[in-house]
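Worksheet for the structure shown next.
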């Protein structure tokens with residue numbers, strides 16, 4: 001079973017909670033995905049409206065584990081402060097660490113990321129860094145104390161799947177024992193199945209489910225794809241080859257000779 | 001004095017962060033706070049004195065990816 005920071009997870013589908021048409025649809029989608037972990041964030045709360053309080057009660061009723069993020073942080077300082085605030089509110093040492101470096105691609109600032117990861121790991125946080133497929137950055141994050149990595153598939157919300165197959169495959173091969181969760185860019189269930197077939201341990205999906213015409217149905221489709229991909233990985237896929245290899249035995253073929 | 005709360009200027013006579021939160025209607029809401037970019041834990045709010053021009057962030061759980 002997959003273990004992240006000592007916590008066993010049966011479901012390899014982590015779900016984001018943003019961009020759903022309504023709280024009720026979010027609830028349906030989490031259930032349909034059979035997700036055990038959902039990501040959450042912190043935002044400014046108005047004393048009058050208190051929008052966050054209702055959301056938080058919905059999440060608590062779902063009985064799932066939360067993975068707070070530092071989305072929107074562009075500096076080490078912002079990310080570290082947000083992590084402290086998240087730990088207090090959500091009561092978990094888990095933090096999905098995002099330090100955004102560039103607004104068009106929402107690409108991680110890997111320099112700030114490694115620095116923030118070092119600071120937070122030293123304080124006892126269990127850091128899930130949102131990173132690229134870069135091997136050297138991955139090494140630095142592990143040296144900083146991270147025991148899980150979350151490489152991107154493609155830019156957040158882009159739905160393009162696994163953009164750099166070569167780089168991601170190399171990452172998987174280079175760190176066979178580190179839990180690797182593909183975070184961001186997955187568009188359709190086949191992308192998720194592919195990630196699991198390649199040996200990635202789990203996927204985190206948000207936009208692809210939340211913005212689907214029927215989010216709960218899409219969540220269920222992702223759950224099936226993740227299970228299929230994992231089963232295929234365990235079953236040992238064949239190696240691709242360039243030329244045909246007959247699947248029907250050729251010995252004893254009629255009308256020959 | 002004037003303090004900046006979640007990006008909006010507010011007039012307050014209260015000095016302590018916990019009192020300012022009460023004034024602004026947060027009551028028992030689940031929130032977490034920072035002053036001038038530094039996290040202020042819930043237990044420390046009653047003895048966190050604010051000064052004119054301080055920047056206060058009051059955050060709560062929200063949807064996230």
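Read the figures in this text as sums done on the coordinates, not as results from a lab. Here the structure is a predicted model, which means the values were calculated and not measured. Cβ sites come from the backbone with ideal geometry, for glycine too, and all protein chains shown count toward neighbours.
Condition test on residue B:12, is it under 14 Å from residue A:89 (Cβ atoms) and either in contact with a helix residue (DSSP H, G or I) (Cβ under 7 Å, 6 or more places away or on another chain) or buried (at least 16 other Cβ atoms within 10 Å of the Cβ) (or both)? So residue B:12 does not fit the description; no.
Scanning the range A:169-184 for residues that are touching a residue at least 12 places away in the same chain (Cβ under 8 Å) and under 27 Å from residue A:119 (Cβ atoms) gives A:171, A:174, A:175, A:178, A:179, A:180, A:181, A:182, A:183, A:184. Considering (1) in contact with a helix residue (DSSP H, G or I) (Cβ under 6 Å, 6 or more places away or on another chain); (2) outside any loop (DSSP other than H, G, I, E, B), the lone condition that residue A:161 does not fulfil carries the number (2). Only a single criterion out of (1) in contact with a helix residue (DSSP H, G or I) (Cβ under 7 Å, 6 or more places away or on another chain); (2) within 14 Å of another protein chain (Cβ to nearest Cβ); (3) buried (at least 18 other Cβ atoms within 10 Å of the Cβ) is not satisfied by residue A:156, namely (1).
Summed over the range B:1-49, the residues that are more than 11 Å from chain A (Cβ to nearest Cβ) and in a loop (DSSP other than H, G, I, E, B) give a count of 6.
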